[in-house]
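Working notes, beginning with the structure itself.
The values are calculated or read from the model by the stated rules, or taken from the named source; none is laboratory data. The model shown is predicted, which means the values in this text are computed figures rather than measured ones. Because the Cβ atoms are built from the backbone with ideal geometry, glycine has one as well, and the counts that use them run over all protein chains shown.
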Amino acid sequence: MTRINTNVGSLIAQKTLARSNTQLQESLTRLSTGLRINVGKDDPAGLIASEVLRSDIISVQRAITNSERANQIIATADSALGQVSALLNDIRGLVSEAANTGALSDEQIAANQLQVDSSLEAIDRIAQTTSFQGRRLLDGSLDFITSTGATGFATGVVGNTLGVAATGSFGDPDGVAATGTITKTGVASTGTITNNADTLIFTADNVGSVYDGLDVTFVVSGAVSAGSEVVNYDSTANTVQITINAASTTTQIRAALNAHTGFAANWTVTGAGGTEVYTAGNNAANLTTGGLNTDTITITADQPGTAYNGLDVTFVADASGAGSETVDYNSTTKAATVHIHANSTTTQIVAALNNTGAFASEYTASGTGSRNYVVGDSATNVTSGGTEANLINLTAVDTGDTLNGLDVTVAIGGAVGSETAVLAGSTLTLTVNAASTVTDVVAAINAQVAELTASAGAGNGVFTAGTSNNVLSGGVDGNQFQLTALQAGSDFDNITVNFTVNAALGVGNEVAAYDSTTKVLSITVDDTSTTGDVIAEINGTLGTLFSATALDGTAGIYTDADDETNVTTGGTGSGAFQNLRIDQANFGTLSQIDVDVTVDAQATKARLVYSGGNLTADLSLQVGGKSGFEVFQFGATTGIQGIADALNLVSDATGVTATVDGTDLLLESSEYGADAFVSVQSLNSTPFLTTLEDGLTQSSRTNGTDVSVRINGVQATGEGLKASLNTSTLDLSFSVDDSLIDGSSFSFSITGGGAIFQLGPDVVSNQQARVGIQGVSTSTLGGVSGTLYELRSGNDRDLATDVKGAAKIVDEVITSVTGLRGRLGAFQRTTLETNIFTLNDTVASLVEAESSIRDADFAAESARLTRAQILVQSGVSVLAIANQNPQNVLALLR
């Protein structure tokens, strides 16, 4: 059919050409963009899937960036903590060096203190300056915030001088041992030179055989005149030479001898007559004889007391020979019978006494000599003077120096049980019976003198009249008072108190002011202002904020040295626990985490009890604890107090302390927990039996127990007083107060804080980590022994004041900082780095999936492009032909 108005072939060619152009344009777009899906119509379902994947990819990539940044933050903190650790190790070395006081001078220790102060300042500087992108990391701002409710009132002690009550004692703390002697009196040597009717009688001035055998020689010389005789005396050779005149008479010779200083010191010459003259024929060799030494047997009681007075010693001559002496002793009648021989000497008799067990257990004999004893030398009531110990301890009831220098006067009078005690001024007058004992006198003092407390010391003997001067001493007026905030909460914790002394101020004009911003209480006082004056000013001027109460009197005064920092504590509302550390907490959708703690069983120390009383034999004892072992040597008469004192002297080296409780000795570990133990072992044959606290079960070693705690119903791990819990939502630790009992409970809340790290692509709690980074300033670093701040110059733990305490604090701080570094390192390694690796794998998979959906396949698209190009060219040609078809109608019109 031939038509002109409608060219159907052209229409078909146009339609086909348009479709081919569309296909060509689509292929060109995909090849130019590289994307299969450029607009939604390209693949609606594929577009939705690819967009979801693209969102996931971007979120995961951001999570990787977050994790890398968190890793950088932790690395920054760890680097700073490494410097803190190095400084702490330097401080530890300085503390150890300062303990070597035997080799270091005060100046060297002071130099070490300057280095410690510098290191502490460096630690504070690191805590304040360590930051990442302007955010401080180690100043405590990233630590968790807890609340126990504002139920506690901050309180603390102001003043450095603790009042001391005067103390002292009077009496004889040891008593006197009875003693006595049996004396065999010596005989002086003597000899006589006879010259007709005249005699020269030589008598030694002292007893003893040493003067036997005096040689007397006369030398006649015209060189001397009668009445001027010359005497030469040799005491060593026991000789005397008299140079005389031929006319020298007996009287003149006697006078010359007695006038010679050396000779007259040892001899006296007497005799009858006086006119005879002397020649060499009157010489006498070995003139003197009969000298006997004085021998003394001294007997002393081994113990003080009156029971050993009145010993009787009887000699019986029935021994078989010298050296065979024996002794019979009756301890009830205090009678000793000594069986001797006629030739028994002092030395042999003493040996016999000391070799007799019954006698030697109560007395000791001493003395040497060769004198012989006879029955007539027996003696009654040989020993006397033994007295009982009678010590009384006195302590002033009130602190202060009022009773320093107290005199105690004892007067005899009244009956037993009617003793009187009167305190007048600085004299305590006691009126007692001669038979009144320590117990009687102590009872009288405690009942009649309110200002004193008396207790029995050694022994329970009687008193004699007399005065003991300056019995009491050491009383000191304290300047300490309790400062308590009247508003609950932590706002009044760690207050600093500064004293300013102004001598021109005047008593009664004291000024107290408080700056709440800096937490400084400033007190201006006169140089004679007392504790009572300061308390009155605080309660009057700052009575709405604080209450001040005296602790040990109101007479103490203040100096600039009484300035104190961190005076008040306890305003957080709970004293049930300390050293709370929260490492990680997952709040989820909660605004705070409530923590409920139940103490099922309190931690205990290791304890052993010795009930054997004072020692009766020598003891070699090994005592050990967590800190080490020591060996002690005790004598046979050592009391349990002496044992306790010896053990406590090295308690820091053993970890074991000793306490006397009546007749029992309690051995206790210094620390709590299953790791703490007490071990006791006798190293010789002397038993030292100890029991557990039940007093029945014998044991030479025992351990303490760890605290058993449930936190929010979950059993926590106990280590001594420390409890710790690590779950997926909460990682914390704290130390319970040792005053808590079994079944105690307390609670607190974690209300915020911590560093929140977004580690996953989704903003949900299980893809976040909330980590606490505690501050490392010197005022916060510390443990149960104190804070690092206390090592600064002038504080209680500086090198010159308490080097042992300083060492404990530094060790605890090193452990704390090392633990913090380890915890952050573990978080960095096991959480952040593994998270980064995992997310990188996830991104690769997501990108691959998104590419397979959205990206163009160039091979397929190139083929489609070629086909479309051919179709377009063909369509154009066909359309040209179709458009020429109407011209064929013209042929019909010609």
Inspect all residues belonging to segment 727-739 and state whether any of them is on the phi > 0 side of the Ramachandran plot and touching an Asp or Glu at 6+ places or on another chain (Cβ under 7 Å).
no
Strands (runs of 3 or more DSSP E) contained entirely in segment 400-491, each with at least 2 residues that are in contact (Cβ under 8 Å) with a residue 60 or more places away in the chain:
407-412, 452-456, 466-468, 481-485
Out of Arg92, Arg30, Arg62, I need the residue that is under 23 Å from Leu820 (Cα atoms), of a type outside the set (S, T, N, Q) and in a helix (DSSP H, G or I). Which one?
Arg92
Quick one: in segment 570-607, which of the residues that are modelled with pLDDT of 80 or more, small (Gly, Ala, Ser) and surrounded by fewer than 17 Cβ atoms within 10 Å (Cβ to Cβ) is farthest from Gly752 (Cα to Cα)?
Ala601
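Quick grid of which residues meet (1) at pLDDT 90 or above; (2) crowded, with 17+ Cβ neighbours inside 10 Å:
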position: Arg254; (1), (2): yes, yes
position: Gly281; (1), (2): no, no
position: Asn286; (1), (2): yes, no
position: Gly290; (1), (2): no, no
position: Ala307; (1), (2): no, no
Mind listing just one residue for me: the one in segment 539-551 that is part of a loop (DSSP other than H, G, I, E, B) and out of contact with any Phe, Trp or Tyr (no Cβ under 9 Å at 6 or more places or on another chain) and, of those, modelled with the highest pLDDT?
Gly543
Taking Ile809, is it among the hydrophobic types (A, V, I, L, M, F, W, C) and either at positive phi or in contact with a Gly (Cβ under 6 Å, 6 or more places away or on another chain) (or both)?
yes
So, in segment 869-894, of the ones that are small (Gly, Ala, Ser) and either out of contact with any helix residue (DSSP H, G or I) (no Cβ under 6 Å at 6 or more places or on another chain) or at pLDDT below 75 (or both), which residue ends up farthest from Glu26 (Cα to Cα)?
Ala891
Every residue in segment 789-802 that is surrounded by fewer than 21 Cβ atoms within 10 Å (Cβ to Cβ) and of a type outside the set (S, T, N, Q), please.
Tyr789, Arg792, Gly794, Asp796, Ala800, Asp802
Would you point out which residue out of Val507, Val567 is of a type in the set (Val, Ile, Thr), modelled with pLDDT of 85 or more and part of a loop (DSSP other than H, G, I, E, B)?
Val507
Determine whether segment 600-612 contains at least one residue that is without any contact (Cβ under 8 Å) to a residue 60 or more places away in the chain and in a loop (DSSP other than H, G, I, E, B).
no
Across segment 34-86, what is the total count of residues that are small (Gly, Ala, Ser), farther than 15 Å from Glu833 by Cα and in contact (Cβ under 8 Å) with a residue 12 or more places away in the chain?
9
Say whether the condition of being at pLDDT 80 or above, under 30 Å from Arg30 (Cα atoms) and in the same structural domain as Glu68 (by TED's automatic domain parsing) is met by at least one residue in segment 806-824.
no
All conditions in (1) over 30 Å from Val408 (Cα atoms); (2) out of contact with any Gly (no Cβ under 6 Å at 6 or more places or on another chain); (3) in a strand (DSSP E or B) are true of Tyr233 except (2)
Would you mind telling me which numbered condition in (1) surrounded by fewer than 17 Cβ atoms within 10 Å (Cβ to Cβ); (2) on the phi > 0 side of the Ramachandran plot; (3) at pLDDT below 85 Asp855 fails?
(2)
Pick from segment 310-342 the residues that are polar (S, T, N, Q) and either in a strand (DSSP E or B) or outside the structural domain of Ala358 (by TED's automatic domain parsing) (or both): which of them is farthest from Thr179 (Cα to Cα)?
Thr326
Subset tally (residues that are under 24 Å from Ser785 (Cα atoms) and of a type in the set (Ser, Thr, Tyr)) for segment 610-668:
5
If I filter segment 611-620 for residues that are among the hydrophobic types (A, V, I, L, M, F, W, C), surrounded by 14 or more Cβ atoms within 10 Å (Cβ to Cβ) and modelled with pLDDT of 80 or more, do I get at least one hit?
yes
Take the residues of segment 679-701 that are closer than 19 Å to Lys605 by Cβ and β-branched (Val, Ile, Thr): which is surrounded by the most Cβ atoms within 10 Å (Cβ to Cβ)?
Thr690
Of all the residues that make up segment 796-813, how many are free of Cβ contacts under 8 Å to residues at least 24 places away in the same chain and in a loop (DSSP other than H, G, I, E, B)?
4
Restricting segment 634-669 to residues that are without any contact (Cβ under 8 Å) to a residue 40 or more places away in the chain and touching a helix residue (DSSP H, G or I) at 6+ places or on another chain (Cβ under 7 Å), which is surrounded by the most Cβ atoms within 10 Å (Cβ to Cβ)?
Val656
Residue count for segment 858-890, restricted to those that are within 17 Å of Asn5 (Cα to Cα) and not small (Gly, Ala, Ser)
10
Test of understanding: among Gly754, Gly786, which residue is without any contact (Cβ under 8 Å) to a residue 60 or more places away in the chain and either surrounded by 15 or more Cβ atoms within 10 Å (Cβ to Cβ) or more than 21 Å from Gln128 (Cα to Cα) (or both)?
Gly786
Scan segment 725-751 for residues that are within 28 Å of Asp139 (Cα to Cα) and surrounded by fewer than 18 Cβ atoms within 10 Å (Cβ to Cβ) and report the count.
8
